[in-house]
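Let me begin by presenting the structure, written as structure tokens, before commenting on it.
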Amino acid sequence: MVEIKIDEELVKKVAINARLILTDEELKKFTPQLAEVILESFNKLDSINANEEPSFQPIEQKNKLREDIVKESLTQEEALQNVKEDLRENGYIKGPKVM
């Protein structure tokens, strides 16, 4: 078991990460409270006898992939048959400028 010391410096760092502004008085008030609650909670968790493997998914999941089947596709002429002439350029569809 790893011993963690919860002091004002740690509480101040967590408060900054949580974007909380704590006064010195609040730091002195919250430090022992947090130490008691957090350490007590983790001590309870450490006392549990869990001989199970960690479960990241409650139901086992498998990838369902289909086989790649090569099929005949459209020719370039067929793909461009419904495109306006002014939007065709060298066998491609001309799109709007992005930048």
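Values in this text are rule-based calculations from the coordinates and carry no lab data. Because the structure is predicted, anything quoted here is derived from the model rather than measured. Note that each Cβ is placed from the backbone with ideal geometry, even for glycine, and that neighbours are counted across all protein chains shown.
Here are some notes:
- Folded to 0 to 90 degrees: helix 8-17 orientation relative to the chain principal axis, Cα: 20 degrees
- For the chain, with +1 on Lys and Arg beta carbons and -1 on Asp and Glu, the positive-most of Val70, Gly95, Phe56 along the dipole: Gly95
- The HN-Hα couplings worked out from phi for the stretch 76-81 by the Karplus form 6.51 cos²θ - 1.76 cosθ + 1.60 (θ = phi - 60°) are 4, 5, 5, 5, 9, 5 Hz, whole numbers, x standing for Gly and Pro.
- Rounded to 10°, Cα long-axis angle of helix 24-47 versus longest principal axis of the chain: 80 degrees
- Counting neighbouring beta carbons within 10 Å and listing from fewest to most, the residues Val70, Val11, Val37 come out as Val70, Val37, Val11.
- Assigned charges on the beta-carbon of Lys, Arg, Asp, Glu; the stretch 8-47 dipole about Cα centre (debye): 160 debye
- Only Lys, Arg (+1) and Asp, Glu (-1) charged, at Cβ; the stretch 41-99 dipole about Cα centre in debye: 240 debye
- Correct option for semi-axes √(5λ) of the Cα gyration tensor in Å [calculated from the coordinates] among (1) 63, 29, 8; (2) 60, 21, 11; (3) 25, 15, 12: (1)
- Partner lysines for Lys44 [C-alpha distance under 19 Å; skip if fewer than 8 residues away on the same chain]: Lys5
- Between Asn17 and Val98, the modelled labels are 3.7 nm apart [label points 7 Å from Cα along Cα→Cβ].
- Across the chain, C-alpha contacts under 8 Å between residues 6 or more apart give a mean separation that, scaled by the residue count, equals a relative contact order of 16 percent.
- Ordering Glu77, Glu67 by the number of other Cβ atoms within 10 Å of each residue's own Cβ, fewest first, gives Glu67, Glu77.
- Label-point gap, in nm, between Leu80 and Lys62 - each point 7 angstrom along Cα→Cβ: 4.6 nm
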